[in-house]
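Reviewing the structure listed below.
Please treat every number below as a calculation from the coordinates, not as lab data. Source: prediction; values computed, not measured. Every residue, glycine as well, gets a Cβ built from its backbone with ideal geometry; the counts of neighbours run over all protein chains shown.
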Amino acid sequence: MAPMITDECINCGVCEPECPNDAIYMGECIYEIDSEKCTECVGHFDEPQCVILCPVECIPKDPKYKETQEQLMEKYHK
């Protein structure tokens, strides 16, 4: 599942520059994750960097976007 940023986000900006896929961007009120670009850091890191670095732990998995490791790796290669 792709991660999503909840409204507990404090807009610290730590996640955006750490995303190897440029999938994180500033939305209207808080940072958001583009699920089409997000590979959950597959191909780059063992764990999603945004989740690890978030100081308020507001990046859970989004149940709307379920992807297998194979699908994430395929997206990474694109």
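3J(HN,Hα) along the range 60-73: x, 6, 8, x, 6, 10, 9, 9, 7, 4, 5, 5, 5, 5 Hz, from the Karplus curve 6.51 cos²θ - 1.76 cosθ + 1.60 with θ = phi - 60°, whole Hz, x for Gly and Pro. Descending by average beta-carbon neighbour count within 10 Å, the peptides 27-40, 57-70, 7-20 line up as 27-40, 7-20, 57-70, the highest first.
Listed options for Cα extents along the principal axes in Å are [x] 33, 23, 19; [y] 36, 27, 17; [z] 73, 19, 15. The value calculated from this structure is the one marked [x]. Amide hydrogen proximity for Asp62: with H placed 1.01 Å from N in the peptide plane, the residues at 5 or more positions away or on another chain lying under 5 Å are Ala2, Met4. Amide H contacts under 5 Å for Tyr31: Asn11, restricted to partners 5 or more places along the chain or on a different chain, H placed in the peptide plane at 1.01 Å from N. Entry note, the chain: the mean residue ellipticity at 222 nm calculated from DSSP H runs of n ≥ 4, each adding -39500 (n - 2.57), is -5000 deg cm²/dmol after division by the residues and rounding to the nearest 500. What you get for the range 5-78, charging only the Cβ of Lys and Arg (+1) and of Asp and Glu (-1), is a dipole of about 160 debye around the Cα centre.
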